[in-house]
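A quick write-up on the structure given underneath.
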Amino acid sequence: MLIGNAPCSWGINYPTGNTIGWQTYLDEVAAAGYRGTELGPFGFLPKDKTVLQPELEQRGLTLIGATHVHVFGQRERTGELMATLRELAPLLGELGAKHLVIMDESAWYPAGKEGVLDEAGWRGLVATVREAQAVIEGEFGLKASFHPHVGTAVEFEAQIDRLLEETDIDLCFDTGHHAFWGQDPLAYMKKVWGRIAYIHLKNVDAAVRQRVLSRELSIEASYGAGVMAPLPDGAVDIQAIMAFLEAKGFDGPVVVEQDVAENAAETPLQLAKRNLDYVRAIA
């Protein structure tokens, strides 16, 4: 089971405008002890294989795959997505990665209407997911999976169930995002086990989550308040999750992610290392 991390754990959510450069990120994710990394937002790491491959190799890193965010609520932007996938997928394949995750864009939804789509919008989302899967798998031979995410049209179990019923795509299952609304990630993993291809390992701070559930805190503000806790500290039973994956012989990627709170006492490097030490101790 390859345990990796991703640029988002260093606050890198966009290709440009980040506080650290791509070489520093690679240095630190390797220094934390990881041997796998996601690509991050397309364009953050070099798009040129001849540049990126030796940088990965000299740090002992494997490129696991990429998570690409798209506005699935706008059917008219499907062509834009397909063009990006046809640029992104070949790079992943050239570098030995086997997975491409797609995810709805939470920032597109207005405050107070996060994840709200009408029936026509949902049908457009499903159609776009199907087309994206056909490109990723049919044209490039990578494994496609869909990432349910807080604040999007696919976050609650009924929505995930419907997506699985209406498409053939499997899940990138995120333990923290599933638990954000008080849903039980392990129970749901058992329910849909045959449809999970990829894991994002994340935890949730129960006290901050309760403030969101009580409507004292917005979804957006909850991240800065530390709703996504370090793996050892949150409400999700990470030990039970890992035991389940091992019992099932899961051989897909397990990517640790850590949204860093505004008042965090630890650096992203320190958090990444503590999270990995915790996972390794379980294993």
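Nothing in this text is a laboratory measurement; each read-out follows from the coordinates by a stated rule. What you see is a predicted model; the values in this text were computed from it and never measured. All Cβ positions, even for glycine, are placed from backbone atoms using ideal geometry, and neighbour counts span all protein chains on display.
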Efficiency of FRET from Cβ geometry, F156 and R77, R₀ 25 Å, rounded to 0.05:
0.55
Quick note, region 2-71: a/c under 1.5 would make it rounded; otherwise a/b > b/c is prolate and the rest oblate (a ≥ b ≥ c, C-alpha gyration tensor); here it is rounded
How high is the relative contact order of region 59-108, given as a whole-number percent (alpha carbon pairs under 8 Å, six or more residues apart)?
60 percent
Rounded to one decimal in nm, the spacing of the 7 Å Cα→Cβ label points at V116 and Q23 is 4.8 nm
Pairs of alpha-carbon atoms within less than 8 angstrom and 6+ residues apart define the contacts here; what relative contact order does region 131-234 have, in percent?
22 percent
Dipole of region 3-199, Cα-centred, from +1 at each Lys and Arg C-beta and -1 at each Asp and Glu C-beta, to the nearest 20 debye?
260 debye
Spatial separation of Cα centroids for region 111-129 and region 257-283, in angstrom
33 Å
Is there a pair in K113/K143; K47/K202; K98/K191; K190/K248 whose C-alpha atoms are over 20 Å apart, and which pairs would that be?
K113/K143; K47/K202; K98/K191
Contact order normalised by residue count of region 3-199, Cα under 8 Å, 6+ apart, percent:
16 percent
Placing +1 on each Lys and Arg Cβ and -1 on each Asp and Glu Cβ in the chain, then taking the dipole about the Cα centre, the residue among A272, G21, V212 whose Cα reaches farthest towards the positive end is A272
Comparing A111, A235, A30 in a Gaussian network model of the chain (Cα, 10 Å), the one with the largest mean-square fluctuation is A111
Is region 135-206 best put as rounded, prolate or oblate by its Cα gyration tensor, with a ≥ b ≥ c the root eigenvalues, rounded for a/c under 1.5, and otherwise prolate when a/b is larger than b/c, oblate when not?
prolate
For the chain, what are the DSSP H helices with axial Cα length of 15 Å or more and mean Kyte-Doolittle hydropathy of at least -0.5?
78-94, 119-133, 268-282
Ordered by packing density, taken as the mean number of other Cβ atoms within 10 Å over each peptide's residues, highest first, how do 168-174, 9-15 rank?
168-174, 9-15
Cα gyration tensor shape for the chain, rounded if a/c is under 1.5, else prolate or oblate
rounded
Structure-based [θ]222 nm, the chain - -39500 (n - 2.57) summed over DSSP H runs of at least 4, per residue, nearest 500
-12000 deg cm²/dmol
Compute the distance in nm between two label points, each set 7 Å from the Cα along the Cα-to-Cβ direction, one at N263 and one at N13.
2.0 nm
Explain nothing, just the number: dipole magnitude of region 19-135 about its Cα centre with +1 on each Lys and Arg Cβ and -1 on each Asp and Glu Cβ, in debye rounded to the nearest 20.
220 debye
Can you give the % of DSSP beta bridges in the chain that are antiparallel, to the nearest 5?
0 percent
